[in-house]
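Visitor: Submitted below is the structure of interest, expressed as structure tokens.
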Amino acid sequence: MARAIYTNDYDYYKHFKSNDLGVKYELEYTKIKDSVLIMKELPEYNMESSNIYIVAGPNVGKHYLKQYRLMEDVSNCIFLGDAVFESVPVPSNYISSPFNWYLWFHNLYEYQTLQDRTHWWCFLERKRKEREVLADAFAKNQSIFEHDHYFVYDGNHAQHGLSDYHNITDQSITRAENEHEPLAPHFNSIVELTIETMDNCFFMTEKVLRPIVFGVPFIALGCRHYMSRMRAMGFKTFESCIDESYDNHTNLQDRCNHAIDSMQNFLSNPIDYDTLQRTVEHNQNNLKKIQKFSYMDRVTKRIKRVLNTNPKLIS
């Protein structure tokens with residue numbers, strides 16, 4: 001039975017080509033970067049119903065799944081996705097995983113001591129729907145700005161009344177020349193409040209991985225149960241020091257409001273620096289453990305698992 005593996009990244013193409021998956025397969029590479037277009041392209045290959053096709057590589061599925069239901073139209077395809085969807089129904093031929101390529105994007109940085117740090121920070125650069133929700137929550141909880149902070153908001157200041165708190169205008173502070181290098185607040189902050197750009201699925205990006213890499217405690221907003229899904233991957237969150245009950249709210253606005261409340265309470269009480277430091281160290285060690293094998297090794301292993309657990313694919 002013929003099989004093909006499609007990927008939209010040439011490095012992955014070379015990797016898959018050099019790996020023995022244990023069965024005979026064909027490999028196709030497309031220069032199209034948008035995995036949605038790859039899905040649209042698949043039926044045009046005149047695929048026979050007796051063939052099985054696997055689509056793998058960066059960004060397969062992810063947030064496109066909510067807007068495009070194309071996976072259901074190509075039932076003889078299996079999609080290895082990088083996102084775990086919290087509330088969106090997914091077709092049976094989409095196999096999810098929380099381990100996406102961002103986990104291999106940053107190298108670990110030697111962390112600094114957290115002792116005596118007092119600042120919180122949040123950068124809301126470039127307007128996004130989720131960031132506007134968080135900006136609205138800040139506007140309703142402006143007492144948080146009484147604490148030392150680094151805050152950037154590039155949205156509608158007139159709408160949210162946050163212009164007095166946007167206290168960093170120097171782009172050399174907000175953007176490093178090398179995205180693998182830390183920013184100044186990484187050395188001075190005791191907590192970072194960060195928000196992902198997708199709230200319908202669990203998909204870790206640099207927004208939460210950078211504080212892990214650079215050794216900063218964090219409060220992360222994303223889909224519901226974002227923090228608990230991180231714990232399931234072996235990371236520790238800061239629930240012993242910071243109230244993370246906001247993670248259970250179904251509505252993003254509620255999660256944002258309660259997350260700011262949690263940060264306010266954390267900053268208003270004595271800080272357990274030792275516990276925070278141990279948690280930071282654990283997370284760096286856990287990321288190091290994940291990076292022991294490459295992302296492409298992990299995807300290859302997933303493909304093998306799919307082939308070995310689906311009799312139709314190896315008959």
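Visitor: Report, by residue number, each residue of region 81-98 that is modelled with pLDDT of 75 or more and touching a strand residue (DSSP E or B) at 6+ places or on another chain (Cβ under 9 Å).
Guide: Scanning region 81-98 gives GLY81, ALA83, VAL84, PHE85, TYR94, ILE95, SER96, SER97, PRO98.
Visitor: May I pose another question? Output the number of residues of region 82-106 satisfying the condition of being assigned to a strand (DSSP E or B) and aliphatic (A, V, I, L, M).
Guide: Initially, region 82-106 is screened for residues assigned to a strand (DSSP E or B), giving 84-85, 94-95.
Those left that are additionally aliphatic (A, V, I, L, M): 84, 95.
Total meeting the criteria: 2.
Visitor: Could I ask something else about it? All but one of (1) of a type outside the set (A, V, I, L, M, F, W, C); (2) free of Cβ contacts under 8 Å to residues at least 40 places away in the same chain; (3) under 20 Å from ARG117 (Cβ atoms) hold for LYS236, so report the exception by its number.
Guide: Exception for LYS236: condition (2).
Visitor: Another question, then. Could you tell me whether CYS201 is in the same structural domain as ASN283 (by TED's automatic domain parsing), in contact (Cβ under 8 Å) with a residue 24 or more places away in the chain and within 14 Å of the chain's Cα centre (by Cα)?
Guide: Numbers: in the same structural domain as ASN283 (by TED's automatic domain parsing): yes; in contact (Cβ under 8 Å) with a residue 24 or more places away in the chain: yes; within 14 Å of the chain's Cα centre (by Cα): yes.
The answer is yes for CYS201.
Visitor: Next up: Any chance region 213-234 includes a residue that's part of a helix (DSSP H, G or I), in the same structural domain as ARG131 (by TED's automatic domain parsing), modelled with pLDDT under 95 and within 22 Å of PRO185 (Cβ to Cβ)?
Guide: Yes; the residues of region 213-234 include at least one that is part of a helix (DSSP H, G or I), in the same structural domain as ARG131 (by TED's automatic domain parsing), modelled with pLDDT under 95 and within 22 Å of PRO185 (Cβ to Cβ).
Visitor: From PHE151, PHE187, grab the single residue that is modelled with pLDDT under 95 and in a helix (DSSP H, G or I).
Guide: Values: PHE151 fails: in a helix (DSSP H, G or I).
None of the others qualify; the one that does is PHE187.
Visitor: Mind telling me which of the residues ASP254, ASP274, ASP247, ASP243 ends up being surrounded by 13 or more Cβ atoms within 10 Å (Cβ to Cβ), out of contact with any helix residue (DSSP H, G or I) (no Cβ under 7 Å at 6 or more places or on another chain) and in the same structural domain as SER143 (by TED's automatic domain parsing)?
Guide: Numbers: ASP274 fails: surrounded by 13 or more Cβ atoms within 10 Å (Cβ to Cβ); ASP247 fails: out of contact with any helix residue (DSSP H, G or I) (no Cβ under 7 Å at 6 or more places or on another chain); ASP243 fails: out of contact with any helix residue (DSSP H, G or I) (no Cβ under 7 Å at 6 or more places or on another chain).
The conditions single out ASP254.
Visitor: Can you tell me which residue in region 105-120 is surrounded by the fewest Cβ atoms within 10 Å (Cβ to Cβ), limited to those that are of a type in the set (Ser, Thr, Tyr) and modelled with pLDDT of 90 or more? Don't jump to the end; show me each part of the working.
Guide: To start, the set of residues in region 105-120 that are of a type in the set (Ser, Thr, Tyr) comprises 109, 111, 113, 118.
Now narrow it down to the ones that are modelled with pLDDT of 90 or more: 113, 118.
On the way: THR113: 11, THR118: 13.
The qualifying residue surrounded by the fewest Cβ atoms within 10 Å (Cβ to Cβ) is THR113.
Visitor: Separate question: Kindly provide the set of residues from region 267-283 that are among the hydrophobic types (A, V, I, L, M, F, W, C) and either under 17 Å from GLY234 (Cα atoms) or not in a helix (DSSP H, G or I) (or both), ordered by number.
Guide: Taking region 267-283 and keeping what is among the hydrophobic types (A, V, I, L, M, F, W, C), we get 267, 271, 276, 280.
The answer is ILE271, LEU276, VAL280.
Visitor: Do we have any residue at all in region 284-295 that's surrounded by fewer than 17 Cβ atoms within 10 Å (Cβ to Cβ), at pLDDT below 95, touching a Leu at 6+ places or on another chain (Cβ under 8 Å) and in a loop (DSSP other than H, G, I, E, B)?
Guide: Checking region 284-295: at least one residue is surrounded by fewer than 17 Cβ atoms within 10 Å (Cβ to Cβ), at pLDDT below 95, touching a Leu at 6+ places or on another chain (Cβ under 8 Å) and in a loop (DSSP other than H, G, I, E, B).
The values are calculated or read from the model by the stated rules, or taken from the named source; none is laboratory data. What you are looking at is a predicted structure, and each value in this text was computed from that prediction instead of being measured. Here the Cβ is made from the backbone with ideal geometry for all residues, glycine too, and neighbour counts use every protein chain on show.
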